[in-house]
1. Working carefully through the options Glu684, Glu674, Glu753, find the one that is under 30 Å from Leu788 (Cβ atoms), surrounded by 10 or more Cβ atoms within 10 Å (Cβ to Cβ) and among the acidic types (Asp, Glu).
2. Would you say Gly260 is of a type outside the set (S, T, N, Q) and without any contact (Cβ under 8 Å) to a residue 12 or more places away in the chain?
3. Is there a residue being among the basic types (Lys, Arg) and not in a loop (DSSP other than H, G, I, E, B) anywhere in the range 451-465?
4. Would you mention how many residues in the range 220-239 are surrounded by 18 or more Cβ atoms within 10 Å (Cβ to Cβ) and on the phi > 0 side of the Ramachandran plot?
5. Within the range 357-448, considering only strands (runs of 3 or more DSSP E) that don't extend past its boundaries, which have at least 1 residues that are in the same structural domain as Asn500 (by TED's automatic domain parsing) and surrounded by fewer than 16 Cβ atoms within 10 Å (Cβ to Cβ)?
6. Could you list all residues from the range 662-711 that are assigned to a helix (DSSP H, G or I) and in contact (Cβ under 8 Å) with a residue 12 or more places away in the chain?
7. For Thr653, which of the numbered conditions (1) assigned to a helix (DSSP H, G or I); (2) of a type in the set (Ser, Thr, Tyr); (3) under 28 Å from Asp617 (Cα atoms) fails to hold?
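The values are calculated or read from the model by the stated rules, or taken from the named source; none is laboratory data. Everything numeric in this text was worked out from a predicted model, so none of it was measured. As a convention, Cβ positions derive from the backbone with ideal geometry for all residues, glycine included, and neighbour counts pool all protein chains shown.
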Amino acid sequence: KHLGSSDEILLRRVDRGPSSSNSLATRARTLVDAVEAKLTCGMLESRQRCCLCCCGFMSLLALVAFMLVITSRVFLQPDDQVVLMTGTGWEVINGPKYVQLNPFKGTEWRKATLLDASQYALLRNRRSMVERIEYGPQLLFLGADDQLRRVSDVTVLQKGEYIRLFHRRTGRERVERGPGRVLVSTYENSTKGVEKAVLLNYDTAVIVQDRTAASMLVMETTCTYGWGPYFPTENKYVVEPRLRLHVLPHELLVVRDENGRTRVYGNGTAPTTAAEGRCDGASAPGHGEPRGISLFMPPYSKVLRMQWSNYSMPPDPLDSALLTPLTGISTSGTAGTVRRRRSSTNTIVLEHRFRRRPATWLVPGDFNPVSNVWRNRGSGMAILTNIVKSGTVRVTTESGSGTMASLLSLAGSAGTSLSFGRVLPTRYTICSLTRYTGSSKQRILTGGGTTTWFHGHWRGHAGVARYGRTTVTQTYRDAVISDTEWVPMCGKNSGPSPGNVVVGSDAVGIRGGGTPPPRLEVNTGPEKSAFAIGELIIWNTALPDEEMQEAMDYLMRRLADAKTYVDQIESSMHAGAKRKVSRIDLRLQKSFYGYQVRTNDNVRLMVNGCCFWRISDAARMLQATADPEGDVWARSRSMLMAAISNVSFRTFTDRYGDVVDQAVSSNSENRFFEDRGIVLESIELTSSKPLDNYTRAVLRRIIQQTTQRAINLERQLSKNEIQRNKLAADLQLEGMRTKLIETRALNTRLEAEKTGATAGTGLANVVRGYLNSLKGTISSITEQLSMLRLHWTTEASKRDVFHLFGGNASTYLLRGHRSQMVLKMPDATDL
C-alpha cells in the first residue's frame with residue numbers, strides 16, 4: 001500500500017528471472033528495510049510489541065461485544081415469558097416475538113400456565129402481598145410482581161352437595177349448595193371440602209349443632225324442615241344422621257333425656273312433641289289393631305340398656321356347681337364375697353374378631369388401676385405393666401364435655417402421663433378412639449423421645465397426625481367437629497395417600513411414609529392435654545386398605561353404640577350370666593331353673609323346670625330392680641325350696657304338682673312381685689332326681705320292681721288280648737257261616753219262587769185254553785172247573801201208576817177215601 005511504482009517494477013523483476021546477484025540482493029534488502037520502516041512507522045521494537053498487544057485486546061473486546069449482541073437476541077415461544085429487572089422494578093415480555101435482551105440486566109424465564117375451563121390459579125403480589133384469582137380458560141402470564149401460589153380445580157357441586165367456605169380475614173363463613181359452580185375468593189378456604197347433604201325422609205332425621213346458640217344440638221326432621229336434602233346454613237353443622245326407631249306393640253323403649261329423666265314409650269304411649277322425637281307418618285293403625293309407635297331419638301337422649309340375668313336356656317346337667325355344694329367360701333359375718341377380675345363386658349368387643357389379630361389391643365375395661373397394669377387382648381405381651389407414670393387415671397363412662405357418647409374410657413388430666421413402651425414396630429398400623437376432655441388441648445398420643453410424632457390430636461385440632469418427619473395429614477384440618485368429640489382414627493406409615501390415614505368415613509392422608517417413635521406415650525412432652533382413651537389397637541404391619549376399613553367400621557360401631565345407649569348400673573349381686581336388654585318385652589317370658597332342694601326327711605333332690613312371668617308395670621320395675629329376671633329366678637327358687645322342704649319325699653313324688661301349686665298360691669299375698677311390676681304366671685317342674693347314692697339305689701330297685709310288675713302285667717294283658725282276639729275271630733267266623741246259610745236259603749227260595757212263577761204261568765195258560773175250549777159245550781164255569789179237576793186227577797193217577805210200576809219201590813200205601821181206594825207212594829209223614 002505504501003510502495004511506489006518503481007518499487008513495484010523492481011519486485012516484478014526480482015520475481016521474473018535472473019539478474020546480477022549482488023545488485024539484486026542489495027536492492028532487495030533496501031526494499032525490505034523501506035517496507036518495514038513504512039509498516040512500523042519508525043517505532044522501536046518495544047513500542048511495536050506494546051502496540052501489537054493493544055490491537056489484540058481491542059480485537060478481543062470487539063469479538064466479545066459482537067457475540068453478546070448476537071446471543072442477546074432471542075425468540076420467545078407462545079408460552080414463554082421473560083422478566084427483566086430495571087432500575088425502577090420488574091418488567092415482563094410475553095411471547096411470541098423476537099426480543100433483544102440487555103445482557104447487563106437481570107432476567108428470569110417463566111412458562112405461562114394453561115388453565116382450562118375447570119381450573120383457577122391463585123396469585124400473590126410480592127410487593128403488596130395481595131392475592132387474586134384468575135379463572136380459565138386462558139393461557140395465564142404472570143405479572144411482573146406476581147407469584148403463583150397454586151392451581152386448583154374449580155369446585156363443581158352436584159345436586160345434593162354443599163361446601164362450607166371460611167374467609168380468613170373477616171372470619172365469616174358461607175355455605176354454597178349444588179348444583180352449580182362455586183367461585184372461591186382469594187381469602188376463602190374449606191376445611192372439609194365438598195360434603196353430601198343428608199336426605200330427610202320418613203326414616204331419617206339429622207342432628208345439627210348451632211354454634212350461635214352455645215353449640216346447642218337440635219334435630220331436624222321432615223316435620224320441621226321438609227322432605228329432601230338438608231343443607232345447613234352458616235354456623236350450623238351436621239353432627240350425624242339419625243334413623244327412626246320403631247317400637248312394636250309388645251315392646252317398651254326406655255329413653256333417658258339430658259336431665260336424667262326416663263320416659264317409657266310403647267304400648268300406645270308415644271312422644272307428644274317434636275322436641276321429644278315425634279314425627280308421625282301418613283299411615284295409622286286401624287281400629288282394633290295392635291298399635292306400635294315410632295320416634296326419632298332427640299339429641300342428648302339415649303336408650304336405657306339394662307343388664308338382666310340370662311336364664312333363657314336350660315341349665316347344663318353336667319355343671320358341677322349344680323351337683324355339689326359350694327366349698328371354700330367363708331360364711332362368717334354378713335355375707336361372703338368373691339373377688340373377680342375386671343374385664344370389658346361390651347358385647348361388640350367380646351364378639352368382634354379381626355381378620356388379622358392385632359399385636360396390641362387395649363380396652364379400658366381391662367385396665368386395673370390398683371396394680372397399674374393393662375391386660376392386652378392382642379397377640380403381644382399378655383399385660384402391659386407400669387402404665388401410669390404420673391398423676392391419676394379413672395375408668396369412667398361419663399358423657400358430656402362436648403360428646404354425646406357414653407363410652408367406657410380411661411380418662412386423665414393434663415398432669416397425667418402414660419407410657420405404653422415399645423409397641424410400634426418399623427411398619428405399623430395404629431387405630432384409636434381418643435378425645436379432649438378439658439381446656440388443655442395439645443397432644444394425646446405422642447412419641448416418646450421425639451417431637452415429630454403424634455396421632456389424633458395436636459394443638460386443638462382433631463383428626464390430624466404426623467409420623468416422624470413426614471406430615472401425613474393437614475395439621476390445620478379439623479376432621480371432627482367439634483374437637484371434643486370422640487375421634488375414630490386409623491393410620492399406617494406405609495401406603496399411598498389419602499387412604500393411609502382414615503378418620504371416620506373420610507380419608508385425610510396427604511403424604512405417606514414415616515418412622516416410628518421409640519415409645520408410645522401420653523402427656524410426656526411439653527404439649528399436654530386432658531384426655532380420654534376409648535380404645536387403642538396396633539398391628540405389627542401396614543394393613544391393606546380393606547382390613548383398615550374393617551377396623552374403622554369396628555370403631556364406628558362402638559361409637560354408635562355408645563351414642564345410642566346408656567347402660568344401667570348393674571345389680572350389686574352377681575347372679576350368673578347377663579344379657580343386655582334395650583327393649584322390654586311385654587309378652588310372657590320363660591326362665592329356666594335347676595337347683596338343689598331337700599325334703600323334710602332330708603332327701604336331696606335336683607329339680608329342673610321353668611318359670612313363666614311377664615312385666616305388667618315397666619315404670620315400677622325400673623324403680624324397684626335392675627334385674628327382674630334374676631329376681632324372679634331367686635324368688636321362685638326360695639318359694640319352691642320352702643314348699644318342698646315341708647313335705648316328705650314320698651309325698652313329693654306322689655303329688656309334686658300339688659306341691660308346686662301350693663308354692664305359687666302361698667305367694668299370692670306377698671307383694672314381692674307386685675312391688676316390682678312383675679306377674680308370676682306359673683312355676684313348672686319338668687324333672688327331679690335324687691342326689692344321694694343310697695336314695696338313688698333304693699329308687700332304682702323300686703323302679704326295677706315296678707318295671708318288672710308292669711312287664712308281667714303287660715305280658716298277661718298281652719296273653720288275654722291274644723285269647724280275646726281269638727274268640728272274637730271265632731265268633732266272627734261263626735257269624736259269617738250263619739250268614740252264608742241264610743244267604744243260601746234265601747237264594748233257594750228265590751229260585752223256587754221263580755220256578756213256581758214260571759210253572760204257574762204255564763199252567764194258567766193251559767187252564768185258560770182248556771176253559772176256552774169248553775165254552776161252546778159247557779156254559780157254567782163251575783162245571784168247566786169240575787171237568788178240569790177231573791182231568792188233572794186222571795192225569796195224576798196215570799203218572800202215579802207209571803212211576804209205581806216203573807220204579808224199584810216195594811212198599812205201597814193204600815188209603816181209603818170214602819168209597820175209593822187210592823194208591824200212593826209213601827212220604828216222610830207217612831213213615
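1. Details: Glu684 fails: under 30 Å from Leu788 (Cβ atoms); Glu674 fails: under 30 Å from Leu788 (Cβ atoms).
Result: Glu753 is the single residue among Glu684, Glu674, Glu753 that is under 30 Å from Leu788 (Cβ atoms), surrounded by 10 or more Cβ atoms within 10 Å (Cβ to Cβ) and among the acidic types (Asp, Glu).
2. Details: of a type outside the set (S, T, N, Q): yes; without any contact (Cβ under 8 Å) to a residue 12 or more places away in the chain: yes.
When the stated conditions are applied, Gly260 passes them.
3. Let us first name the residues in the range 451-465 that are among the basic types (Lys, Arg), namely 459.
The next check asks that each one be not in a loop (DSSP other than H, G, I, E, B); those that pass are none.
The answer is no, given that none of the residues of the range 451-465 is among the basic types (Lys, Arg) and not in a loop (DSSP other than H, G, I, E, B).
4. Result for the range 220-239: 0.
5. Details: elements: 360-362, 373-375, 383-385, 388-390, 393-396, 409-412, 417-421, 429-436, 445-448.
It comes to 383-385, 388-390, 393-396.
6. Of the residues in the range 662-711, the ones assigned to a helix (DSSP H, G or I) are 662-665, 672-675, 693-711.
Of everything in the range 662-711, those that are assigned to a helix (DSSP H, G or I) and in contact (Cβ under 8 Å) with a residue 12 or more places away in the chain turn out to be Gln662, Ala663, Val664, Phe672, Phe673, Asp675, Thr695.
7. Here Thr653 meets the rest and fails (3).
The rows are residues; the columns are (1) among the basic types (Lys, Arg); (2) at pLDDT below 80; (3) within 30 Å of Arg127 (Cβ to Cβ).
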position	(1), (2), (3)
Ser5	no, yes, no
Ser19	no, yes, no
Val35	no, yes, no
Leu44	no, yes, no
Cys55	no, no, no
Ile70	no, yes, no
Arg73	yes, yes, no
Gln77	no, no, yes
Thr88	no, yes, yes
